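Asker: Quick one: structure below, then a few questions.
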Amino acid sequence: MTEDALVKKIALEEHFLCPGFIEYWNPTVAEMPAEKRDNLLKRNTDFGEMRLASMDKAGITRAVLALAGPGVQAEKDAATAVRTAKAGNDFLAKEIQKRPDRYSGFAHLPMQDAKAAADELERCVKELKFCGAMINGHTLGQYLDHPSLAPFWERADALGTLIYIHPTDPVSVAPVLQGHPGLRRATWEWTFETGSHALRLIFGGVFDRYPKARVGLGHMGETLPYLLWRFDSRTGPDFYNVGLKKPVSHYIKNNLEITTSGMCSAEPLNCAIAALGVGRIMFGADYPFERAEEAGHWLDTEKLDENVRADIAYKNAERLLGLKV
């Protein structure tokens, strides 16, 4: 397939690194072979030839860039987190200004301070013209349903902007995974961690209190679309009455938006379409941790109605995030 024949795409969950953040990132790749680690660093810090060439081969006309995790979610000093997050967002804004036709941005937020995070979200959306935010999982063990974060969710609800939750390492390894390093991180651990994080928001009543809040999940929804019936059947009056205003499936269908990042397979895509509707699914390549060309080729060739393909490739991102290809 020639580049001219590729379906045009907007890609979410596309990563970068900049000065001040590499030290946070290094522990996450410490166990990788040095050659692979160095290659990832090179690609994460490139905003030119390598990144654009990969995008072109995948048919990606616009990439929404976000800081590779964990970023300031791992920073113990709140004031440092606030200052460093702002610097990272300013850096990204300058890179976007160089290629506004190809790049957009997700804000990086210091969740150690709820008001500062809310203020930075608003600044990034209104002044820097970012299309949402990406939070790299828990912040020093505190999840996004914590009561202290009410000022943040109030602002996110008012702004109506997407808050994308990206996987991170859990606070501690689940006993069931111990002794099997192959199950850690991207294989299974991150899916369990991130899906559970999203469920905490639902079960914690965040969407009852802030019904316009929007949360994004990668990897085809971190398995949640598979489990709608089970969630509803086990949280009603016959089992665990969790005190929500609506069934759990309602919040998954109405407050979550998902991407295809890291999941180039028909089965989870078809499940997500059936469970959520095609209008809540967007394309993601997860560059440079996944091959953008592989993700792009998969979407181009998967057996789909062409209108459905276009919705996932770029039309939903245009509608939900206000972006243009």
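Asker: Counting only residues that are closer than 17 Å to Ile135 by Cα and part of a helix (DSSP H, G or I), which one in segment 58-79 is farthest from the chain's Cα centre (by Cα)?
Answerer: Ala78
Asker: As an exercise: evaluate Ala266 against (1) farther than 27 Å from Gly69 by Cα; (2) in contact (Cβ under 8 Å) with a residue 60 or more places away in the chain and give the number of the one condition it does not meet.
Answerer: (2)
Asker: Quick one: is Ile96 under 29 Å from Ala292 (Cβ atoms), open to solvent by less than 40 Å² (accessible area, probe 1.4 Å) and in a strand (DSSP E or B)?
Answerer: Taking the combined requirement at face value, the residue does not satisfy it.
Asker: Okay, moving on. Which residue pairs have Cβ atoms closer than 7 Å, lie 6 or more positions apart in sequence or on different chains, and pair a first residue in segment 52-68 that is more than 21 Å from Leu162 (Cα to Cα) with a second residue that is open to solvent by 10 Å² or more (accessible area, probe 1.4 Å) and among the aliphatic types (A, V, I, L, M)?
Answerer: Between residues of segment 52-68 that are more than 21 Å from Leu162 (Cα to Cα) and residues that are open to solvent by 10 Å² or more (accessible area, probe 1.4 Å) and among the aliphatic types (A, V, I, L, M), the close pairs are Gly59/Leu6; Gly59/Val7.
Asker: From the list Ala117, Ala150, Ala158, Ala133, which one is crowded, with 18+ Cβ neighbours inside 10 Å, in a helix (DSSP H, G or I) and hydrophobic (A, V, I, L, M, F, W, C)?
Answerer: That would be Ala117, the only listed residue that is crowded, with 18+ Cβ neighbours inside 10 Å, in a helix (DSSP H, G or I) and hydrophobic (A, V, I, L, M, F, W, C).
Asker: Separate question: With respect to Met111, is the statement that it is part of a loop (DSSP other than H, G, I, E, B) and either surrounded by 24 or more Cβ atoms within 10 Å (Cβ to Cβ) or among the hydroxyl-bearing types (Ser, Thr, Tyr) (or both) true? Write out each step before concluding.
Answerer: Working: part of a loop (DSSP other than H, G, I, E, B): yes; either surrounded by 24 or more Cβ atoms within 10 Å (Cβ to Cβ) or among the hydroxyl-bearing types (Ser, Thr, Tyr) (or both): yes.
Taking the combined requirement at face value, the residue satisfies it.
Asker: May I pose another question? Quick check on my filter: what residues within segment 1-22 are open to solvent by 70 Å² or more (accessible area, probe 1.4 Å) and within 21 Å of the chain's Cα centre (by Cα)?
Answerer: Lys8
Asker: On to the next question. Between residues in segment 304-325 that are more than 25 Å from Lys126 (Cβ to Cβ) and residues that are polar (S, T, N, Q) and crowded, with 21+ Cβ neighbours inside 10 Å, which pairs lie under 7 Å by C-beta distance while being six or more apart or on different chains?
Answerer: Between residues of segment 304-325 that are more than 25 Å from Lys126 (Cβ to Cβ) and residues that are polar (S, T, N, Q) and crowded, with 21+ Cβ neighbours inside 10 Å, the close pairs are Ile312/Thr260.
Asker: Within segment 65-83, identify whether any single residue is buried (at least 17 other Cβ atoms within 10 Å of the Cβ) and among the basic types (Lys, Arg), and answer yes or no. Lay out the reasoning, then the answer.
Answerer: The initial filter retains those residues of segment 65-83 that are buried (at least 17 other Cβ atoms within 10 Å of the Cβ), namely 65-75, 81-82.
If we keep only those that are among the basic types (Lys, Arg) as well, we get none.
No, the conditions are met nowhere in segment 65-83.
Asker: Out of Tyr226, Tyr210, Tyr240, report the one residue that is hydroxyl-bearing (Ser, Thr, Tyr) and loosely packed, with under 13 Cβ neighbours inside 10 Å. Spell out how you get there, then give the answer.
Answerer: Values: Tyr226 fails: loosely packed, with under 13 Cβ neighbours inside 10 Å; Tyr210 fails: loosely packed, with under 13 Cβ neighbours inside 10 Å.
Only one candidate qualifies: Tyr240.
Asker: Show the residue pairs meeting these rules: Cβ distance below 6 Å; 6+ apart or different chains; first residue within segment 84-104 and more than 20 Å from Glu122 (Cβ to Cβ); second residue of a type in the set (A, V, I, L, M) and open to solvent by 10 Å² or more (accessible area, probe 1.4 Å).
Answerer: Going by the 6 Å Cβ cut-off, the qualifying pairs are Tyr103/Ile96.
Asker: Is it true that Arg309 is out of contact with any Gly (no Cβ under 7 Å at 6 or more places or on another chain) and open to solvent by less than 70 Å² (accessible area, probe 1.4 Å)? Give the steps one after another, and end with the answer.
Answerer: Working: out of contact with any Gly (no Cβ under 7 Å at 6 or more places or on another chain): yes; open to solvent by less than 70 Å² (accessible area, probe 1.4 Å): yes.
The answer is yes for Arg309.
Asker: For segment 186-205, which positions are in a helix (DSSP H, G or I), touching a residue at least 40 places away in the same chain (Cβ under 8 Å) and over 16 Å from Ile135 (Cα atoms)?
Answerer: Across segment 186-205, the qualifying residues are Ala186, Ile202, Phe203.
Asker: Another question, then. Examine segment 282-296 for a residue that is at pLDDT 95 or above, under 13 Å from Lys57 (Cα atoms), out of contact with any Lys or Arg (no Cβ under 8 Å at 6 or more places or on another chain) and open to solvent by 10 Å² or more (accessible area, probe 1.4 Å), and state whether such a residue exists.
Answerer: yes
The values are calculated or read from the model by the stated rules, or taken from the named source; none is laboratory data. In this text the structure is predicted, and so the values were computed from the model without any measurement. Note: ideal-geometry Cβ built from the backbone for every residue, glycine included; neighbour counts use all protein chains shown. These accessible areas exclude ligands, DNA and RNA; they are computed on the full protein's heavy atoms, side chains included. Shrake-Rupley method; radii C 1.70, N 1.55, O 1.52, S 1.80 Å.
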